[in-house]
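Here is the structure we will look at.
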Amino acid sequence: MKRIKNIALAGHNGSGKTALAEGLLFKAKATEKLGKSADGTALLDFDPEEIKRKISINSTLASFDYEDNKVNIIDTPGIFDFAGEMIEGICASDTVMITVSAKSGVKVGTKKAYREAVKYKKSKMFVITKIDDENANFYNVLTELKTVFGPTVCPVVVPVIENEKIVSYVNLIEMKAYKYDANGNTVETDLPEAEKTEKMIYRIDGLREAVSEAVAETDEALMEKFFEGEPFTQKELIDGIHNGMNKGVITPVVCVSSEDLAGIDMLLKEINLLVPSADEAEPAEALCNDDFVKIECSPKQPLSAFVFKTVVDPFAGKMSYIKVISGVLKSDSAVFNSSTGENEKIGKLYFMSGRQQTETSQAEAGDIVVAVKINASTSDTLCDPARKVTFEKIDFPVPCYSMAVCTGQGDESKISSGIQRILDEDKTLKYEQNEGTKEQILSGLGEQHLEVTAARLKNKFGVDISLKEPKIAYKETIRKKVKAEGKYKKQTGGHGQYGHVWIEFEPCVSDSLVFEEKVFGGAVPRNYFPAVEKGLQEAVKKGVLAGCPVVGLKAILVDGSYHPVDSSEMAFKTAASLAYKEGLKQADPVMLEPIGSLKVTVPDENTGDVMGDLNKRRGRVLGMEPTEDGMTEISAEVPMREMHSFTMYLRQVTRGMGSFVFDFLRYEQLPANLLTEVIAANAGE
């Protein structure tokens, strides 16, 4: 545990996370060839959809040994549709390495990764990538990092730039400069000379001073030494940054080029020296006998482990990615799942590097391992039955973008099975039936998320689905009281059919039909009352305007007549439906649309745009409330028919910083100007 480093790579889409991971693996001699996403050879982007789209979709684990340490790298996606994968990776890590492009600087994905790292109390490091690009500007990005994230930002490795070209790299801890030879090997070189790069020398001296100041903040004795003007030793600088990272008061900054691997070897060195090991991380908090306890990361403690990710493979079966918090997890052992209350049988265990598996007999505290074919799900806790503890479940984003699933005839059970297995993998998906429209609704974090899910269903499980915009569950009701007659009379030779009713229809507050009878003098025999009610219950499934279910309706059977021979239950059932159709036409029928309650969180500068958009969507803004970090929560009520495109709008206008929760609230009358459109659409269906 003292030599295990668990690192999640996170950051904005396109900032070079996978390229960095591939570079680390190659430079550490864990792979023989440098993999690249662009040509489909990346060790970590092996999913068919990742290769096809040339993006990261899954969080992927790769382990390698470097000098005396074992490093577990978790490469996470930067696309917001797959934010659940990023959160899983951060939860399992002890340090979050946040990539920032030297071309584009701090983006929304940078802020989100940093925020999640702070939320889960992880140490942090910034890696500025793509520094050899012609549009790169390392020092502008460094200044931006300090502006956005504050004084904790501490440069450690910086480039020396002459004539807009990088000529060497300076390690500010060692105060040594390095350059790379033709074979990509590091060669020590001279620090910048004053007569050539006076500006550069001034900058490096200032950066070194900033490092010393950051280190001084971590310890009182070091602070005293700093104020006395005495320089820190190299060991004091290393220990100070290391301890500062662990306390969350220092965020080191290094720079790399994943193309020619410049800076990768120096980053590996900093991982060894600066990044906290598994036993130094913030102790995990767990619930034990109704009390919260701190779980020490030690193999001598009873077993406790956390399932942070699940992968369902059609051939290998269910693969559970497990972070061992304490104790030792052994293959062919029995453990207790405190999340389900069931015992689990652990079979084989594997260390993973991409899709490559290496079988192991055990994993000790602080390590990450994969168990196959166990029942546990993501966020479950596995523990020693002698000490039952439960870790807090991962806080996943709420699905906010929905599409209706279209299937072929007879494929329902196959699709249901396939989707259930996908849901085991992805906790940011939801699959349920809309009770109003009877459609199967698949919900996720965005359009691309659902497209990838549909492709995975086909590739993994042979399930072919198409997606379309969901229907809106409109309803109908009436606004005035009427009395209507329904008479069904049919003579076919022999026994005929005869049923005759008078029914009063009036509005009421109820989601289902309210039926009463006030018949006097036996005009309608009592044994036909159930038939009348059944006829009405079937009739209210379709209204007279657009064929939508009718709510808020009270029907009172008040009169009628019967024939001693020709009357039957069927005749009275039919008579009731005739009275229903006639009565509702006269009762001022109206359409009702579902209204939802919206809580949307946006950056302060976007509140005006979003409120204006909600007004266009016929929304009613109820209020605003400031939240943390320059964000505002807007409360509103909005018709559900107007909200399908809101996910994509919000992402565009807030550049991915906005989020929202939208839940059904109640039904309200549909405006008259939309009535014709809705009736025509429903008639077409």
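One table, with the values for the structure above:
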quantity	calculated
Extension reserve of the Cys288-Arg618 stretch, reckoned as 0.36 nm per residue once the Cα distance is removed	113.9 nm
Potential lengthening between Phe315 and Gln234 on full extension [0.36 nm per residue; Cα-Cα distance subtracted]	24.0 nm
Nonlocal amide H pairs with Tyr66, under 5 Å, H built at 1.01 Å	Val71
Mean Cβ neighbour count within 10 Å, used as a protection proxy, ranking 461-473, 614-626 highest first	461-473, 614-626
For the range 259-264, 3J(HN,Hα) per residue [Karplus equation, 6.51 cos²θ - 1.76 cosθ + 1.60, θ = phi - 60°, Hz, x = Gly/Pro]	6, 9, 6, 5, x, 5
Accessible-area composition of the range 617-679, carbon plus sulfur, in percent [1.4 Å probe]	53 percent
Dipole magnitude (debye, nearest 20) for the range 76-169, charges at Cβ of Lys, Arg, Asp, Glu	440 debye
Heavy-atom surface of the range 274-398, accessible at 1.4 Å and reported per residue (Å²)	45 Å²
Solvent-accessible heavy-atom area per residue, rounded to whole Å², over the range 639-685 at 1.4 Å	56 Å²
Accessible area (Å², 1.4 Å probe, nearest 10) - Thr390	50 Å²
Cα-based helix-to-principal-axis angle, 108-119 vs the chain, degrees rounded to 10	90 degrees
Average accessible area per residue (Å²) across the range 417-526 - probe 1.4 Å, nucleic acids and ligands excluded	52 Å²
Percent accessible area from carbon and sulfur atoms, the range 466-540, protein chains only, probe 1.4 Å	48 percent
Under-5 Å amide H pairs with Asn6, H placed in peptide plane, nonlocal only	Asn72, Asp94, Thr95, Ala278
The range 38-138 - percent of accessible surface contributed by carbon and sulfur, probe 1.4 Å	46 percent
Separation between Cα centres of the range 560-629 and the range 522-545, rounded to whole Å	24 Å
Segment Lys458-Ser635, length gained on full extension (0.36 nm per residue, minus Cα span)	59.8 nm
Residue-wise HN-Hα coupling along the range 5-19, computed from phi with Karplus coefficients 6.51, -1.76, 1.60 (Hz; x: Gly, Pro)	10, 9, 10, 9, 9, 9, x, 5, 4, x, 8, x, 5, 5, 4
Principal-axis tilt of helix 569-586 within the chain, Cα atoms, nearest 10 degrees	70 degrees
Residue-averaged 222 nm ellipticity for the chain, from DSSP H runs of 4+ at -39500 (n - 2.57), nearest 500	-8500 deg cm²/dmol
Structure-derived log10 I(q)/I(0) by the Debye sum over Cα atoms at q = 0.07, 0.10 Å⁻¹ - corresponding label in (1) -0.55, -1.16; (2) -0.61, -1.00; (3) -0.81, -0.99	(2)
Solvent accessible area, Å² - Ser37, 1.4 Å probe, full protein context	30 Å²
With DNA, RNA and ligands ignored, accessible area of Phe26 (1.4 Å probe; Å², nearest 10)	70 Å²
Phi to ³J(HN,Hα) by Karplus 6.51 cos²θ - 1.76 cosθ + 1.60 over the range 661-673, Hz, x for Gly, Pro	10, 9, 10, 4, 10, 6, 9, 9, 5, 6, x, 4, 6
Net dipole in debye of the chain [+1 Lys, Arg Cβ; -1 Asp, Glu Cβ; about Cα centre; nearest 20]	2840 debye
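The values are calculated or read from the model by the stated rules, or taken from the named source; none is laboratory data. Only a predicted model underlies this, so the values are computations on that prediction, with no experimental measurement involved. Glycine gets a Cβ as well: all are built from the backbone with ideal geometry, and neighbour counts include every protein chain shown. Each accessible area value is taken on the protein alone, full model and side chains, heavy atoms only, with ligands, DNA and RNA left out. Shrake-Rupley method; radii C 1.70, N 1.55, O 1.52, S 1.80 Å.
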